[in-house]
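Student: The structure follows.
The values are calculated or read from the model by the stated rules, or taken from the named source; none is laboratory data. Quick caveat, the model's predicted, so the values are computed rather than measured. For neighbour counting, all protein chains shown are included, and Cβ atoms are generated from backbone atoms with ideal geometry for every residue, glycine included.
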Amino acid sequence: MKNALRTFPKSIILCSFVVGVLCALCFRSLTILGKVNPDWVRPVWYFAVIGYIYFFAYRFYISHKRKRVIKEQGLLLKLRQDNDLTREDKEVMSYVLSSLVKSKEGANYLIIFVLSVLAIIIDVIINNLG
């Protein structure tokens, strides 16, 4: 159980965050690239898709791991029944909470939102200029 309670190193978390942001940027740039330099559309699209495969596999793994340790320890039931928590229960809760705090998920969602809005604005401007 000890290995299951380790979060990824900060470098892996940051790398995954950067990959997610770059892929979001790439996807949102495709309509612009289609007008500016169509030869770049496919390579950028492939980079974005392959990067998202990595990013979402990573996010799936993290989410699955959190849920698994919570279920295996029966933490929700213990908390609802106001049972005393064992040392191991506290270690699991510490892992889950630490994992949530270290996550760059919120920043990633905000950046994807902003990039999406900017992509729409830029696309509308480009299409109205031509």
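Student: Being farther than 23 Å from I122 by Cα and either at pLDDT below 95 or of a type in the set (D, E, K, R) (or both) is the filter here, so list the residues in the range 17-50 that pass it.
Tutor: If the condition is that a residue be farther than 23 Å from I122 by Cα and either at pLDDT below 95 or of a type in the set (D, E, K, R) (or both), then F17 is the only one that fits.
Student: Something else about it: Answer yes if at least one residue in the range 71-89 is among the polar types (S, T, N, Q), touching a residue at least 40 places away in the same chain (Cβ under 8 Å) and more than 28 Å from K35 (Cβ to Cβ), and no otherwise.
Tutor: There is no residue in the range 71-89 that is among the polar types (S, T, N, Q), touching a residue at least 40 places away in the same chain (Cβ under 8 Å) and more than 28 Å from K35 (Cβ to Cβ).
Student: Mind listing whichever residues of the range 1-48 are in a helix (DSSP H, G or I), more than 30 Å from M93 (Cβ to Cβ) and free of Cβ contacts under 8 Å to residues at least 12 places away in the same chain?
Tutor: L33, G34, V36, P38, D39, W40, V41, R42, P43, Y46
Student: Still on this structure: Yes or no: L77 modelled with pLDDT under 90, assigned to a helix (DSSP H, G or I), surrounded by fewer than 12 Cβ atoms within 10 Å (Cβ to Cβ) and of a type outside the set (F, W, Y)?
Tutor: yes
Student: So, of the residues in the range 112-130 that are surrounded by 13 or more Cβ atoms within 10 Å (Cβ to Cβ) and of a type in the set (G, A, S), which turns out to be nearest to T31 (Cα to Cα)? Show your work before the answer.
Tutor: Kept after step one, since they are surrounded by 13 or more Cβ atoms within 10 Å (Cβ to Cβ), are these residues of the range 112-130: 112, 115-116, 118-119, 122-123, 126.
Subset that is of a type in the set (G, A, S): 116, 119.
Values: S116: 12, A119: 8 Å.
Step by step, filter the range 112-130, then rank; the result is A119.
Student: Run down Y61, Y109 and say which single residue is within 16 Å of the chain's Cα centre (by Cα) and within 22 Å of S29 (Cα to Cα).
Tutor: Going through Y61, Y109 in turn, the sole match is Y109.
Student: I'd like the full set of residues that are closer than 18 Å to K102 by Cβ and surrounded by 15 or more Cβ atoms within 10 Å (Cβ to Cβ), limited to the range 42-63.
Tutor: Listed by number, the residues that qualify are F55, Y58, R59, I62.
Student: Could you list, in sequence order, all residues of the range 83-97 that are among the aliphatic types (A, V, I, L, M) and touching a helix residue (DSSP H, G or I) at 6+ places or on another chain (Cβ under 7 Å)?
Tutor: Those that are among the aliphatic types (A, V, I, L, M) and touching a helix residue (DSSP H, G or I) at 6+ places or on another chain (Cβ under 7 Å): L85, V92, M93, V96.
Student: Residues in the range 93-104 that are under 17 Å from K67 (Cα atoms) and in contact (Cβ under 8 Å) with a residue 40 or more places away in the chain: how many? Can you show your working first?
Tutor: In the first step, residues of the range 93-104 are kept if they are under 17 Å from K67 (Cα atoms); the result is 93-103.
From the residues that got through so far, the ones that are in contact (Cβ under 8 Å) with a residue 40 or more places away in the chain too are 94-95, 98-99, 102-103.
Count: 6.
Student: Please state which one of D84, D39, D89 is surrounded by 15 or more Cβ atoms within 10 Å (Cβ to Cβ) and acidic (D, E). Talk me through it step by step, then tell me what you get.
Tutor: Working: D84 fails: surrounded by 15 or more Cβ atoms within 10 Å (Cβ to Cβ); D39 fails: surrounded by 15 or more Cβ atoms within 10 Å (Cβ to Cβ).
Just a single option satisfies the conditions, and that option is D89.
Student: Given the criteria in contact with a helix residue (DSSP H, G or I) (Cβ under 9 Å, 6 or more places away or on another chain) and of a type in the set (A, V, I, L, M), does A57 qualify?
Tutor: no
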